[in-house]
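In what follows, a structure is listed as structure tokens, so that the remarks can point back to it.
The values are calculated or read from the model by the stated rules, or taken from the named source; none is laboratory data. Bear in mind the structure is a predicted one, so any value in this text is a computation, not a measurement. Methodologically, a virtual Cβ is constructed for each residue, glycine included, from the backbone with ideal geometry; neighbour enumeration extends over all protein chains shown.
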Amino acid sequence: MERRIVHVDMDAFFAAIEQRDDPALKGKPVIIGADPKGGAGRGVVSTCSYEARKFGVRSAMPISEAWRRCPQGVYLPPDFHKYEEASGKIREIFYEFTPDIEQVSIDEAFLDITRSAHLFGGPVETCRAIKARVKSVTGLTCSVGLAPTKTAAKIASDLEKPDGLVVVGEAGLRAFLAPLDISKLWGLGPKTAEILRGRGINTIGELAAAGAGELRGLGSHGAGLKALALGEDPREVFEGSDTKSVGNEITFEKDTSDAREIKESLVALADKVSSRLREAGLKGRTVTLKIRLEGFETYTRARTMPLSTNYADILCREALALYAAFDKGRKKVRLLGVKVSGLMPAAEKESLFEDEGDARREKAHKAIESIREKFGRGSIYRAGGKKDI
């Protein structure tokens, strides 16, 4: 039986939600990300509407460059709580069509409809039904790719955005892939692409036909990419843990070496990560500190704790200790980030004995969460930290 893999990619997800919720934004170039501060902002673009893309604005672009290209854009800060809520509703819709789902990110997922498509009139009809259901429930459009492999399905979903549907059959799989640029191939990064282009390999078809000499120096990765170019991708749709890590970052308006500003930022970051972990019902063992210095030199330092936690004071202590042990010389700090990984359900016990300190922490955290739920996140914040981040 031919596999039927669907890749669903929401169209300009964050920006589309903002346009849905505020009709005055429809048709306007909406850019979600850091405050551009009149072209002097320091962060990046999270995503942008298709109207903004006409001006050359793209995700991950420095916000200052986005402002230079599109000063007339509507710049909005991201509202992740709202976006995650919409993502959850969309995920519930997917389960109406198949139990085999792999959430790739907040705005994209793979669905294996091989066993269920006949219930909805066939594979193509199932894809149309998914798109219609998402639009009906959320008011948002998505682009869908249907193919025998995950790689081809992902590529297909990107070809006719927004609101597209591209179908690739097994018989035409290689012909579909061959003329496409190698940058379309899932798992082929820009550095590898640069190497291949230097050897005259610019399309997926040329990669499929490449000999061992043309792939020299790439090792098993080169062989794996060639297999994908040939349409060979046996990977199954796998529902693992949706969340691998939880983190937050801050880019300073000006590079800083101010000890107080750095401490306040780390305290606020730890507090925000703690809140997000607790909202998701998770805790983790590994705390990672990300430091970007002036000149864009970026470093990470991590520590794995004996027991998992989602308590802000413990995360803060670890983040501050990692920073104190980092030698930045005389360079100023441009960006700080705190991330927790090695996640597990918060309710899962790792020790038979509950520490009295943990019981007090839990009580304090619940009290803080209750106040924030009633009066907003900025209504209470930890001593030594910024009001919000």
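Rundown of residues vs (1) closer than 30 Å to P345 by Cα; (2) surrounded by 18 or more Cβ atoms within 10 Å (Cβ to Cβ); (3) not assigned by TED's automatic domain parsing to the domain that holds A324, yes/no style:
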| position | (1), (2), (3) |
| --- | --- |
| L196 | no, yes, yes |
| R199 | no, no, yes |
| A209 | no, no, yes |
| A212 | no, no, yes |
| G217 | no, no, yes |
| G224 | no, no, yes |
| A259 | no, no, no |
| V267 | yes, yes, no |
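Kindly establish whether A302 is of a type in the set (A, V, I, L, M, F, W, C) and part of a strand (DSSP E or B).
So A302 passes the test.
Just checking, which of A312, A319, A325 is in the same structural domain as D258 (by TED's automatic domain parsing), farther than 10 Å from V287 by Cα and out of contact with any Ser or Thr (no Cβ under 7 Å at 6 or more places or on another chain)?
Just one listed residue meets the conditions, A325.
What are the pairs with Cβ atoms under 6 angstrom where one residue, in the range 115-130, is surrounded by 15 or more Cβ atoms within 10 Å (Cβ to Cβ) and the other, located anywhere, is small (G, A, S)? Sequence gap at least six, or different chains.
F120/A129; P123/A117; T126/A117
Closer than 19 Å to H7 by Cβ, surrounded by 11 or more Cβ atoms within 10 Å (Cβ to Cβ) and in contact with a Pro (Cβ under 8 Å, 6 or more places away or on another chain): which single residue out of L177, L185, L173 fits that description?
Just one listed residue meets the conditions, L173.
Can you name every residue in the range 183-214 that is at pLDDT below 90, among the hydrophobic types (A, V, I, L, M, F, W, C) and farther than 14 Å from A152 by Cα?
A212
Can you name every one of the helices (runs of 4 or more DSSP H) wholly within the range 1-91 that holds 3 or more residues which are in contact with a Leu (Cβ under 9 Å, 6 or more places away or on another chain) and at pLDDT 95 or above?
13-21
Which numbered condition in (1) of a type outside the set (K, R); (2) within 17 Å of F238 (Cβ to Cβ); (3) out of contact with any Asp or Glu (no Cβ under 8 Å at 6 or more places or on another chain) is the only one that L111 fails?
Evaluating L111 over (1) of a type outside the set (K, R); (2) within 17 Å of F238 (Cβ to Cβ); (3) out of contact with any Asp or Glu (no Cβ under 8 Å at 6 or more places or on another chain) leaves (3) as the failure.
Kindly indicate the residue of the range 244-257 that is surrounded by 14 or more Cβ atoms within 10 Å (Cβ to Cβ) and of a type in the set (S, T, N, Q) and also modelled with the highest pLDDT among those meeting that condition.
Residue satisfying both the conditions and the ranking: T256.
Out of the range 19-47, which residues are buried (at least 24 other Cβ atoms within 10 Å of the Cβ) and either more than 28 Å from V333 (Cα to Cα) or assigned by TED's automatic domain parsing to the domain that holds E294 (or both)?
Matches in the range 19-47: V30 only.
Exactly one condition in (1) surrounded by fewer than 18 Cβ atoms within 10 Å (Cβ to Cβ); (2) in contact with a strand residue (DSSP E or B) (Cβ under 7 Å, 6 or more places away or on another chain); (3) on the phi < 0 side of the Ramachandran plot is not met by D163; state its number.
D163 satisfies all of (1) surrounded by fewer than 18 Cβ atoms within 10 Å (Cβ to Cβ); (2) in contact with a strand residue (DSSP E or B) (Cβ under 7 Å, 6 or more places away or on another chain); (3) on the phi < 0 side of the Ramachandran plot except (3).
Just name the residue that is farthest from R197 (Cα to Cα) out of those in the range 208-253 that are in contact (Cβ under 8 Å) with a residue 12 or more places away in the chain and of a type in the set (K, R).
K244
Run G281 past the list (1) within 24 Å of the chain's Cα centre (by Cα); (2) modelled with pLDDT under 90; (3) at negative phi and report the number of the one that doesn't hold.
(3)
Would you point out which residue out of A156, A109 is touching a residue at least 60 places away in the same chain (Cβ under 8 Å), surrounded by 15 or more Cβ atoms within 10 Å (Cβ to Cβ), among the small types (G, A, S) and assigned to a helix (DSSP H, G or I)?
Just one listed residue meets the conditions, A156.
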